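Asker: Would you mind keeping the following structure in view while I ask a few things?
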Amino acid sequence: MRTTMNIFKMSIIMTFIFVFLGCATNRYTYDRSTLEDQQCVLNIPKDITVVKFNDDKVNWRVGYNIIHDIEDTFSSPKKREASVIIPEGEHTLTINYSSTMDIPIGYNSYNRITRSAKGIEITYNFEYGKTYSLMPIILGDRIAIFVYIQW
């Protein structure tokens with residue numbers, strides 16, 4: 001009887017652990033008081049972190065999710081994004097970029113390359129009702145981040 005109770009308790013605990021590990025947030029709202037007809041959406045890809053929105057410090061990035069990590073290991077990786085609801089208007093974003101890639105150089109050997117940049121500033125005029133995405137462009141040692149409208 002006691003063993004059955006312990007197994008039951010352990011199964012409940014494990015269920016809660018898996019539920020919470022799968023709940024890393026990737027959706028943010030900058031200002032909840034902004035009216036719906038004055039909002040737009042900014043999508044942020046996995047390698048980018050927005051650290052400042054105008055003069056406010058933020059930490060907008062794709063959250064870690066162990067379920068997605070396991071899924072990506074066994075299937076083709078999906079494009080992970082964080083979504084932020086922001087007010088329309090001209091805003092300045094300060095961005096950090098970091099990406100690590102393993103490039104095969106022979107049988108079972110890889111060369112790991114990390115590219116990163118901090119403090120990239122972008123000023124853009126965001127329009128109501130549109131969805132925007134950030135996109136890194138890498139040319140040699142230079143990293144630029146562009147804002148584009150998703151259709």
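Asker: Can you list, bin by bin at 5 Å, the percent of alpha carbon pairs in segment 25-150, starting at 0?
Answerer: For segment 25-150, the binned pair fractions read 2, 9, 18, 21, 18, 14, 9, 5, 2, 1, 1, 0 percent.
Asker: Shifting gears a bit: Between THR92 and ASN111, what is the spin-label point distance in nm, taking each point 7 Å from the Cα along the Cα→C-beta axis?
Answerer: Placing both labels 7 Å along Cα→Cβ, they lie 3.9 nm apart.
Asker: Say each of ASN59 and ARG80 gets a label point 7 Å from the Cα, pointing the same way as Cα to Cβ; how far apart are those two points in nm?
Answerer: 1.6
Asker: Sticking with this one: Among DSSP bridges having both ends in segment 25-150, what percentage is antiparallel? Round to the nearest 5.
Answerer: Antiparallel bridges: around 85 percent, rounded to the nearest 5.
Asker: Let me ask you something else. If the only charges are +1 at each Lys and Arg Cβ and -1 at each Asp and Glu Cβ, what is the size of the charge dipole of segment 25-150 around the Cα centre, to the nearest 20 debye?
Answerer: Values: 14 positive and 16 negative charges, 90 e Å.
Once rounded to the nearest 20, the dipole reads 440 debye.
Laboratory data are not the source of any read-out in this text; all were calculated from the coordinates shown. Keep in mind the model is a prediction, meaning the values are calculated, not measured. Backbone-built Cβ (ideal geometry, glycine too); neighbour counts: all protein chains shown.
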